[in-house]
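For reference, the structure is listed below as structure tokens.
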Amino acid sequence: MDDTREKIELLCMAAELVLESGGETYRVEETVLRMAQGFGLERVGVAALPTSIFVEVDGTTRIRRISRRGTDTTRLAAVNDVSRGVARGEMDAAQAREALERIASAPGVPQGVLILAYGLAAAAFSLLFGGSAATFAVTFAIGMLVQAIQPIFSHVEMGALFANFAGGVLTALCAQGVAHLFDYGSVNAAIVGGIMPLLTGLLMTTAARDTMYGDLVSGVARAVEALLLATAVALGVFVGLKLYALIGGVLL
Amino acid sequence: MIREFIMSALGAFGGTVGFSIMINAPRRIILPASLTALLGYMVYEIMTKALGHSAIFAYFLSTVIITLLCEVEARVMRKPATIFLLSALVPLVPGYNFYCAMLALVENNGGEAAAAMLVAVQGVAAIAVGAAVTSCVFRVLTTRKRLAAK
């Protein structure tokens, strides 16, 4: 029996990691079922939502609440490898635990790298909307600034919403302000580039996939979350532009 | 025109590399995913700017092409297709229309804001549906092949 408990814990751990890293709902359920099969567990029930997981094996149930949701594709790929290893019988419970714990405790991308990556992404995207080399440089700086303030919101309740809002305000204010100091080309390109990395949730690929696979509740929940986050960015830009106009700047 | 295309290509590639690093993409997939993004975005650019197709159709077709390439890359590199898609679709996010809508709102121009927002929402729908349908169809076709081979 203890053996079964240990294995259920592992199923939950894997499911939690997939959900926290931005995996689709069917992927969570697939991961659990695949691992359960490898462990030789029978009569396994699993249901996942973007915010919670229920795993039941032979009368023992585990429920987990997921509060952190982000995207980390290295983790997704790593958990996927573990679940396939278990399914093929190449990994026993102890090895699986070790591997999952290693994945869970692996540090994410360091903030310094994130700042540079955000700068690069924002600056490059500004080129898509008619930016010049000067726009690239300005947007790079704005992007770095936006990412630099993100940790402030990581411990706040509803932090993602505030972070997106603040990102929008900051991008709009900086892009307009710098344009006032010197002409760096397209202000619009700088603002859109600056907010593009925050808007990527809008792709809604995960929401659409969930819906296609019949996970209707997950699909709707994810779509609503994406819209809410994008609205926060849009509102931020709106407030930033308004503020700039109020303090006497001319919108360029 | 050519200059514009070159700038877009650089932008789509660089932007995808930057975003891939942000979501901690495995190092080996960053280059293929970014090249896929570049190609997909070029399809979008050529369709809208050179051939004069509507934005919605261009979003849909380039999403289908990106998704197909991602599914193939995923099979070759033995990684979930999702992790390629999460990176490669990023340049297609209709951020510009979204921003235009906000700008129009600030300038108290509701009609223009609604029009821009409609394009953005249609773009989002075209991308989401395009990616989901393509990968579902791809999955069904490839699984059937495997079953038949057994």
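The values are calculated or read from the model by the stated rules, or taken from the named source; none is laboratory data. Computed from a predicted model, the values in this text were never measured in an experiment. Using ideal geometry, Cβ is built from the backbone for each residue, glycine included, and neighbour counts are taken over all protein chains shown. Side chains included, ligands, DNA and RNA excluded: accessible areas come from the protein's heavy atoms. Shrake-Rupley method; radii C 1.70, N 1.55, O 1.52, S 1.80 Å.
The number of residues in region B:66-96 that are in a helix (DSSP H, G or I) and either in contact (Cβ under 8 Å) with a residue 40 or more places away in the chain or open to solvent by less than 10 Å² (accessible area, probe 1.4 Å) (or both) comes to 21. Only residues that are among the hydroxyl-bearing types (Ser, Thr, Tyr) and open to solvent by less than 10 Å² (accessible area, probe 1.4 Å) were counted across region A:241-252, and they come to 0.
Total residues in region B:1-36 satisfying the condition of being at the interface with chain A (Cβ under 7 Å from one of its Cβ atoms) and in contact (Cβ under 8 Å) with a residue 24 or more places away in the chain: the figure is 8. Taking region A:56-70, which residues are closer than 30 Å to B:MET22 by Cβ and either modelled with pLDDT of 90 or more or not polar (S, T, N, Q) (or both)? Across region A:56-70, the qualifying residues are A:ARG64, A:ARG65, A:ILE66, A:ARG68, A:ARG69, A:GLY70.
Can you find, within region A:97-121, the residue that is surrounded by the most Cβ atoms within 10 Å (Cβ to Cβ) among those that are small (Gly, Ala, Ser) and within 10 Å of another protein chain (Cβ to nearest Cβ)?
This residue is A:ALA121.
Here A:ALA179 clears all of (1) open to solvent by 60 Å² or more (accessible area, probe 1.4 Å); (2) more than 23 Å from the chain's Cα centre (by Cα); (3) among the aliphatic types (A, V, I, L, M) except the condition numbered (1).
Here A:ALA124 fulfils each of the conditions (1) open to solvent by less than 60 Å² (accessible area, probe 1.4 Å); (2) modelled with pLDDT under 90; (3) assigned to a helix (DSSP H, G or I) apart from (2).
Counting only residues that are among the aliphatic types (A, V, I, L, M) and within 13 Å of A:ALA160 (Cβ to Cβ), which one in region A:228-240 is most open to solvent (accessible area, probe 1.4 Å)?
The initial filter retains those residues of region A:228-240 that are among the aliphatic types (A, V, I, L, M), namely A:228-230, A:232-235, A:237, A:239.
Add one more test, that the residue is within 13 Å of A:ALA160 (Cβ to Cβ), and what stays is A:228-230, A:232-233.
On the way: A:LEU228: 97, A:LEU229: 45, A:ALA230: 4, A:ALA232: 12, A:VAL233: 1 Å².
In this case the residue turns out to be A:LEU228.
Per-residue answers, yes or no, for (1) over 21 Å from the mean Cα position of the chain (by Cα); (2) of a type in the set (S, T, N, Q):
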residue	(1), (2)
A:ALA137	yes, no
A:VAL146	no, no
A:LEU202	no, no
A:THR205	no, yes
A:VAL217	no, no
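Please go through region B:83-101 and pick out each residue that is facing chain A (nearest Cβ under 7 Å) and not β-branched (Val, Ile, Thr). B:LEU85, B:LEU86, B:LEU89, B:PRO91, B:GLY95, B:TYR96, B:PHE98, B:TYR99 - these are the residues of region B:83-101 that are facing chain A (nearest Cβ under 7 Å) and not β-branched (Val, Ile, Thr).
Got a sec? Which of A:ARG209, A:ARG222 is at the interface with chain B (Cβ under 9 Å from one of its Cβ atoms), basic (Lys, Arg), under 26 Å from B:LEU118 (Cα atoms) and surrounded by 19 or more Cβ atoms within 10 Å (Cβ to Cβ)? Full working, then the answer.
On the way: A:ARG222 fails: at the interface with chain B (Cβ under 9 Å from one of its Cβ atoms).
Testing whether each residue is at the interface with chain B (Cβ under 9 Å from one of its Cβ atoms), basic (Lys, Arg), under 26 Å from B:LEU118 (Cα atoms) and surrounded by 19 or more Cβ atoms within 10 Å (Cβ to Cβ) leaves just A:ARG209.
Exactly one residue among B:LEU51, B:LEU118, B:LEU39 is open to solvent by 10 Å² or more (accessible area, probe 1.4 Å), within 16 Å of the chain's Cα centre (by Cα), more than 10 Å from chain A (Cβ to nearest Cβ) and among the aliphatic types (A, V, I, L, M), and that residue is B:LEU39.
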